[in-house]
1. Considering the options C:Leu207, C:Asn227, C:Leu164, tell which one lies farthest towards the positive end of the dipole of segment C:64-269, charges being +1 on Lys and Arg and -1 on Asp and Glu at the Cβ, about the Cα centre.
2. How much length, in nm to one decimal, is gained on full extension between A:Ala168 and A:Ala359, taken as 0.36 nm per residue of separation minus their Cα-Cα distance?
3. Give the lysines reachable from A:Lys322 as a straight Cα distance under 30 Å; neighbours fewer than 8 places away on the same chain don't count.
4. If one computes the Cα centroid of segment B:49-87 and of segment B:187-233, what distance in Å separates the two points?
5. Quick one: dipole size for segment C:64-269, taken about the Cα centre, charges +1 on Lys/Arg Cβ and -1 on Asp/Glu Cβ, in debye to the nearest 20.
6. What full-extension length gain, to one decimal in nm, is calculated for A:Asp285 and A:Asp113 as 0.36 nm per residue of separation minus the Cα-Cα distance?
7. With angles folded into 0 to 90 degrees, how steeply does helix A:7-29 sit against the dominant principal axis of chain A? Use alpha carbons for both and round to 10.
8. Filter B:Lys70/B:Lys167; B:Lys97/B:Lys167; A:Lys172/A:Lys391 down to the pairs with a C-alpha to C-alpha distance above 25 Å, please.
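Each value in this text was obtained by applying a stated rule to the coordinates, not by laboratory testing. Quick caveat, the model's predicted, so the values are computed rather than measured. Reconstructed Cβ throughout: ideal geometry from the backbone, glycine too, with neighbour counts over all protein chains shown.
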Amino acid sequence: MQGPGDETPRVRRRGAVTVLAVLLAAAVHSCGPRGSGDVVTFWAFGVEGEHVAKLIPEFERRNPGIRVHVQMIPWNAAHEKLLTAFAGGSLPDMWQLGNTWIPEFTTLNAIEDLGPWLARSRTLRPSCYFPGIWDTNLMDSVLFGIPWYVDTRVLFYRSDLLAAVGYAAPPKSWDEWFDVCARLKRAHPDRYGVFFSTNNEWAPPVIMGLQEHSPLLKERNTRGDFSGPEFVRATQAFDRFFTNAWAPVKTTQIVNVFQAFAEGYFAMYITGPWNIGEFSRRLPDSLQDRWMTAPLPGPDGGIGLSTAGGSSLVMFRGSHHKEEVWKLIEFLSEPAEQLEFYRLTGNLPARREAWGDSALASNRYAAAFFTQFEHVVATPKVPEWEQIAQKAREYIELITMDQYTVGEGLAALDREVDIILAKRRWLVRGE
Amino acid sequence: MANRRAAFLFLAPALLAIGVFFFLPVLAAFVLSFTDFDIYALGNFAYARFVGLHNYAQLLGDPLFWQALKNTFYFLVAGGPLSIAVSLGAALMLQPKFLRFKQLFRTAYFAPVVTTLVAVAVVWRFVYHPRFGILNYLLSLAGLGGIDWLGDPHWAMPAIILMAVWKNFGYNMIIFIAGLQAIPGELYEAAAIDGAGRFQQFRSVTLPMLAPTTVFIGIITMIGYFQLFAEPYVMTQGGPRNTTLSIVYLMYQQGFRWWNMGYSAALAFILFAFILAGSVLQARMQKRWGV
Amino acid sequence: MRRIGRLLLYVLLAALAVLTLAPIVWMVSASFMPAGQSSAFPPPFFPRAVTFEHYERLFTGIRLARYLFNSAFLALSVTAISLAVNSMAGYAFAKYRFRGRDRLFRLLIASMVIPSQVTMLPLFLMLNKMGLINTYLGVIIPGIAGIFGIFLIRQFALSIPDSLIEAARMDGASDFRIYWSLVLPLCKPVLVTLAIFTFMGTWNDFLWPLIVMTDDSMYTLPVALANLSLEHVQDTELMMAGAVMTVAPVLVLFASVQRYYISGIMAGSLKE
């Protein structure tokens, strides 16, 4: 209310205006991230993001003029963060890129052609890497990423449970795989032979499709080929696990995978290298001699194909620090750094030479991966792959739950995939 | 007070902000919904095409859209009335004149409203943990088996509904209290003189007099519930098996994860259409039932 | 009989209060538990040994102070600016007559039905063109464009007697002087209410900061907490500490000004 002492409104007014001005000024000036300057920005995801920062001091020691700022982003958010950053013009100088995402970013024209850099390098050659993995970094023969760590899926199994039903060695073909599951089921009707996390992972059924040599997409990757004969065969085989109750249909029953594996609730699991460390840590000591890894069984015997996964290091096309980024890429690709990174994260080195080191050579679980990496193949290199893979997982899960027959489910999947690829069809074929 | 210039100056900042940062994007979203702007167009603008109603048609044919719609309506139809009932109940319980500590109770019931949704979702995610969560523990004490709340397709949405009711009932309770306080005491006295018991007074005086308040609450609750996003994002990521996929979550997925921006914009307008229809419907009901 | 009825009512009220507060209390309790203690069956309600390790970790390893600052700065800025902007507009709608005034106001009210998510994508592209992605202004500017505040203020300003304003005008006061020295002080209750609403709303805002802020140094608390929860799924106690830090400021604010806040909601809900 108005009253005596009315000079206060004016003071208050000036005070308020000053505060506002300060706020506005602060807002405008203290705006963006630590952007340019002589700092190289590097985005890494998940576990890698947490640990790679520990390797940086050594790099900065060797390269006194360069400073690196590592930003860690959870995997769930990584995809949208990258795309948002691209749209917002705030991509970092370099980042970790899952190799199945490379096609997307080449479409966006966001990453640098590393061919010329590789040609000038004194330490890196394509032969340093597994061919299947190297291939995932090539789009139309142009190189866009340097593999950082590699990933694939192999068979983790309870060697004691398999031996008890007559399999001293892990199954080497699909027939043997079905057979060992049948035997396990007869021995323990309330347990399962294998666990597939169909509510979560798209890899196992897609891998079986790849093993049957399904192209997954057809007509220059503009249409789905999931109803093609190869993928139908693969899905029928995959579905056998569920119709025979060799794998649990209700995947959410298994709240703790490690506990279930330890209890023998299931004897086999298709998963990746990170679980070597996890299993070693979380399984009871009494169990450490009773599980093992093996390369995947193929449809007709021999080692089956698996996915060529992992992450690469890519360089932003618009970076102002390309020289420094390349130096960091070369640094992180050194066998010694690759091994150190392996020790920190359990992620397997992309660099073949690193595998000779005792740390890995003596890791009996890693041996299966080393073999498998010679038998890996890329998934279709289209930007829409991530979306397609999720759809495939959804429909195949419904097939395992008998909500669709194999034929119906895959036909429905193809219809959706065709819709997803509509734009690509127009671009590639003018439809 | 015909000083038009002054009025203009007073209005200018707000109208400018609203015009540029609200109405303009709404218009732009409308236009966007008729294009196939996507990741290809993001890399090269020439790859965006005008596609007319194609996005809308595609939405109608997309099973995921119908799933999201179903989930959102499930959330609305089950959660809305439940939330309103609990709010009304709490407001009524706080009515009696003899009651002490009213302020304290009111504060307790209102506390969840001001908490950050993300923080709440994180806590409740653990409350719902199949093994270590409090809820399953309480159920086990009552001799019932545990439920995998967030992992079971049948229970995931009820779990989210329960959390949403917990979070919001305090807000509507306050509005009900205001509405109840506005009912003139004479009406109750008159009804008592006519021989009406307490329950009959409730039916013949309280409920009708509360009708406009209830409709108001119904509308704001509905608008809020249509925009379900943070809970699925933090707790279930739309799963299990897309049973907690809401319209806004689908919009976010399509727009910011897969970068199908034209498609996402069409979805946004369908959301708007539903909210508009719902609001008009409720307003009509208010007119029909007096006041 | 009556006494039993009263007792029953108190019991019900108390039970509801316990149910309502239990998750919040547990959140605080768990944040002080040693790592891993909460993952036990039966779930513990009190810490075996009170520890501050999670809070330490939040502020050292995870740099929570930065997120706290971002949230506070944004909430305060948006509150201050939108209060100024909305009070001016609300006053104009209430006390000035000009052509199309009521129609314009009704249009604004009607547009409150449009969900903000509709604007997200184009707003993002627009702010991107203006170079405001990943900046504080990217959150502040869209935050000012709120219609609810104008509505509340107009509602309140309508009750100011015209005679007061006329008198001031006859004394030679300028329009701005009238607004600043006469109207604003009279509107203090609704301004306080609106300030609280806006502060809490901005503090708790999740989706927009999630989209706009791409650099982790710019995250607000809810975004950082969501990040934390997706990454550290096993570290329950750490996440509870993060949740406490996110919720504590608004709870404290609420506890101290709840009178205004609640009366504001009541006032806003009663038809004019």
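1. After comparing all options, I get C:Leu164.
2. Working: separation 191, 0.36 × 191 = 68.76 nm, distance 2.68 nm.
Length gained between A:Ala168 and A:Ala359: 66.1 nm.
3. List returned: A:Lys54, A:Lys81, A:Lys381, C:Lys129.
4. So the two Cα centres are separated by 26 Å.
5. Numbers: 13 positive and 11 negative charges, 201 e Å.
Computed charge dipole of segment C:64-269: roughly 960 debye.
6. Details: separation 172, 0.36 × 172 = 61.92 nm, distance 4.79 nm.
Residue separation times 0.36 nm, minus the Cα-Cα distance, leaves 57.1 nm.
7. Approximately 50 degrees, to the nearest 10.
8. Details: B:Lys70/B:Lys167 22 Å; B:Lys97/B:Lys167 27 Å; A:Lys172/A:Lys391 30 Å.
In this structure, B:Lys97/B:Lys167; A:Lys172/A:Lys391 lie more than 25 Å apart at Cα.
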